[in-house]
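The values are calculated or read from the model by the stated rules, or taken from the named source; none is laboratory data. None of the values given here were measured: they were computed from a predicted structure. No Cβ is skipped: glycine too gets one built from the backbone with ideal geometry, and neighbour counts run over all protein chains shown.
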Amino acid sequence: QVQLVESGGGLVQAGGSLRLSCAASGSIFSVNAVGWFRQAPGKEREFVSAIRWRGTTTTYADSVKGRFTISRDNAKNTVYLQMNNLKPEDTAVYYCAAERALEYTTASRFWDYWGQGTQVTVSS
C-alpha cells in the first residue's frame with residue numbers, strides 16, 4: 001500500500017500562485033508515476049499533471065501548460081505542483097495519485113492510490 005498526503009491548498013486571487021505538496025509513504029518502490037488530478041463541483045475528476053517517479057518524463061493537461069510545473073524530491077518522497085497565474089477556473093479539490101503501471105494514463109480510473117485532496121480556490 002501507498003499513502004499519499006496533500007498539502008498547500010488555499011484561497012488565492014486570480015494571477016496568484018500556490019504550491020501543492022504530496023508526501024508519499026509505504027510501498028513506494030512499487031510506484032512508477034505520481035500525478036495530480038482535480039475535481040470541481042458538479043464536474044468529473046480531470047487530469048492535471050504527472051511525473052515519473054524515476055526519470056524525467058512529465059505530462060500536463062493543455063489547460064495548465066505553461067502555468068503549472070510538476071517536480072519531485074525523491075529523498076523526501078514528495079511531489080510538488082507549482083501553480084502560477086492561477087485562474088478562477090482552476091478552483092477545485094486537487095488530488096494526488098500514484099500509479100504502479102509502467103505506462104501511466106491520464107484516466108483517473110486506472111490510478112492505484114489516492115490522497116484525501118486539498119481545496120484550491122481562486123477568486124476573481
Handout entry: Residue match in the range 47-64 (condition: charged (D, E, K, R), touching a strand residue (DSSP E or B) at 6+ places or on another chain (Cβ under 9 Å), in contact (Cβ under 8 Å) with a residue 12 or more places away in the chain and farther than 14 Å from Gln3 by Cα)
Key = yes
Completion exercise
Pairs returned, first residue in the range 82-101 that is polar (S, T, N, Q), second residue that is in a loop (DSSP other than H, G, I, E, B), beta-carbon separation under 8 angstrom, 6 or more apart or interchain, are Gln82/Ser17; Asn84/Ser17; Asn84/Arg67; Asn85/Gly15; Asn85/Ser17; Asn85/Arg67; Thr91/Ala40
Exercise for the section: Check whether at least one residue in the range 53-62 is part of a loop (DSSP other than H, G, I, E, B), among the basic types (Lys, Arg) and at pLDDT below 95, and report yes or no. Expected result: yes
